[in-house]
Every structure is written in C-alpha cells, then in structure tokens.
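Peer 1: Quick one: the structure is below, questions incoming.
Each value in this text was obtained by applying a stated rule to the coordinates, not by laboratory testing. Since this is a predicted model, take the numbers as computed values, not measurements. Note that we place each Cβ from the backbone using ideal geometry, even for glycine, and neighbour counts take in every protein chain shown.
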Amino acid sequence: MKKWLLAIALVGLIGSSTFGQQQFQKKNFVPAKGDTLRYQVLYPASYSAEKKFPLVIFLHGMGERANDNMLQMKHGSRMFTNPVNMEKYPAIVLFPQCPTTSSWIKTFPQRNDNGDMDWSTIANDSIAQPLQAVKELIDSYVANEKVDTKRIYIMGLSMGGMGTFDMVARYPDLFAAAIPICGGIYPPRLKEAAKTVKFRIYQGDADQVVSCNGSRQAYLALKEYGATASYVEFPGVEHNAWNPAFNQPDFFEWLFKQKRKK
C-alpha cells in the first residue's frame, strides 16, 4: 500500500511539473511620469551574460485592461511558454498591462457615415501615458539586460494593434518588426517606419469592433512607401482575428527571422 501511495504521489508531482520550463514573472516598473506600469516578463531558459536575445513586446486589447498584472496574459502568452517555441525561439518577452481607465492610444478614431473608422481624427495625438511607460520599460531592458537591439519586436491586438502601429510610428528606429492585429493608424504616420520596420498585419473582414479599413489602408500605405509588409485577411472572421493569426504555421518563424540592418 505504501509503495502504491508513493507511486501515485510521484505521478502527481510529475504531472504538475513544468520540467524546468520558464514561466512569466510579475514585475512593476516606475516611469518618469505617471502611474506604475505592471507587466510580466519571460526569460529564455538559456539566458546568460554571454549571449544577447531578441526582445518581444506584446500589447493586449481593451478587454484585458486591469490593475491585477494578470488579465493581460489572456491572449498570446501560452505561445511563448510553449517549450517547443522556447527552444526554437529564445527571447525576452514583455507583457505590459494598461490600467483600467487608460488605453495604449490617447483617443480612438471616430466613425464616418459608412461605419468605417476615420483615423485622421487622431493624426496628431500625443503619446498616451501607458504607452510612454512601455517605451521607458523597453529602454530599461535595453540598458540593463542582454537584448539584441537589432531584433526588437512589437505586436498587439485590437487596442494593442493600434498601440503597435502608434509605437513604431513614433520610434521607427527601434523595432525590427511589428505585428498589428485588428488595429489601425492614420496611414501617413507610417512613412518613416516603412523605411526600417518589417510589418505583418492580420485582420478579420467581418470585424464590427475595429473595422478592417484601418488595417487595409495601413498596408496599402506601407507598400506605397516601399515597406516590406504583408497583409493577411481572414474571411468571415470577426474581432478575434488573433486566434487564426496565432495559428499561422509561420507566425513565429517570420517574426524571429527579422533583423535590423543597423
């Protein structure tokens, strides 16, 4: 009986073990101005002082705003803790959390008579405080951790897709690649980013929350400006375009092969 109980206990321990798999860690960052930024960070299992690693920033959507430093992990985080992905694509990964009463962009675009979003209404917005805090967080990791500055990537969904576009437009010399999912931006703002940042844009054509015109117009502008950009639109998919996007077989492969020339 004792041996049998011991065997069951061992099975339970093995079943709950992560086998050394790295997990996200909760952290707080105090920016120069504004509220403390809550975020979670994942380090590669092979993290050491002898090697530099890509840095990935993931911006969540409006539904994951909170002050619990947890809800922002709802979408996308399991891709990074998948042990196969961790072995193939080791990286430092940041999941910041936008407070409940804020957003990654200062204001949202107005809708026109056709129901499409008019992104020109927010063309001259200053940076939102939470996004400014994210920029300072990135700077702190570049200064204090083993970051390959030629391989800094940013992605986001919905409000986070808008924040992704906004961030690369403001800091085009920082990022190697961006993946905005169901986002949008005033297209002329992408002119400088088109010179340096690689883009892959995802969108559902049946999205009633963030109309697909934002992603389409951003892509067309990027191509006009000479950017390396691709656009994937999912027929019949509504606002949850991140689900089929994350399931694209080359989602990580495309991202991690991007590298800045300078």
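Peer 1: What dipole magnitude, in Debye to the nearest 20, does segment 144-192 give about its Cα centre under +1 on Lys/Arg Cβ and -1 on Asp/Glu Cβ?
Peer 2: 60 debye
Peer 1: Considering the options 115, 47, 90, tell which one lies farthest towards the positive end of the dipole of segment 25-122, charges being +1 on Lys and Arg and -1 on Asp and Glu at the Cβ, about the Cα centre.
Peer 2: 47
Peer 1: Placing +1 on the Cβ of each Lys and Arg and -1 on the Cβ of each Asp and Glu in segment 198-249, which of 239, 202, 221 has its Cα farthest towards the positive end of the resulting dipole?
Peer 2: Working it through, the farthest residue towards the positive pole turns out to be 221.
Peer 1: For segment 179-191, in order, what is each residue's ³J(HN,Hα) by Karplus, 6.51 cos²θ - 1.76 cosθ + 1.60 with θ = phi - 60°, in whole Hz (x at glycine and Pro)?
Peer 2: So the J values, rounded to whole Hz, are 10, x, 10, 6, x, x, 6, 5, x, x, 5, 8, 4.
Peer 1: Here is a follow-up. Just want the ordering: 119, 104, from fewest to most Cβ atoms lying within 10 Å of their own Cβ.
Peer 2: 119, 104
Peer 1: For the Cα atoms of the chain, what angle does the longest principal axis make with the long axis of helix 213-224, in degrees from 0 to 90, nearest 10?
Peer 2: 80 degrees
Peer 1: Grab the DSSP H runs of the chain that are 4 residues or longer, score each as -39,500 (n - 2.57), total them, divide by all residues and round the 222 nm result to the nearest 500 deg cm²/dmol.
Peer 2: That calculation yields -8500 deg cm²/dmol at 222 nm.
Peer 1: Follow-up question, since we're still on this one. Where does helix 2-16 land angle-wise versus the long Cα axis of the chain, in degrees 0 to 90, nearest 10?
Peer 2: Rounded to the nearest ten degrees, it is 20.
Peer 1: Now for a separate question. Under 1.5 on a/c is rounded, so check that first for segment 196-262, then, if it is not, pick prolate when a/b is larger than b/c and oblate when it is not; a ≥ b ≥ c are the square roots of the alpha carbon gyration tensor eigenvalues.
Peer 2: The shape class here is oblate.
Peer 1: Using the count of nearby Cβ atoms within 10 Å as a rough guide to exposure, how do 211, 230 rank from fewest to most?
Peer 2: 230, 211
Peer 1: List the residues whose amide H sits under 5 Å from the amide H of residue 156, counting only those 5 or more places along or on another chain, with H placed 1.01 Å from N in the peptide plane.
Peer 2: Residues meeting the criterion, in which the H sits 1.01 Å from N, are 59, 179, 181.
Peer 1: Here is a follow-up. Only counting other Cβ atoms within 10 Å, I'd like 68, 205, 113, 166 sorted with the fewest neighbours first.
Peer 2: In increasing order of surrounding Cβ atoms, one gets 113, 68, 205, 166.
Peer 1: While we're looking at this one, here's another question. Relative contact order for the chain: what percent, with Cα pairs under 8 Å and sequence separation of 6 or more?
Peer 2: That works out to 16 percent.
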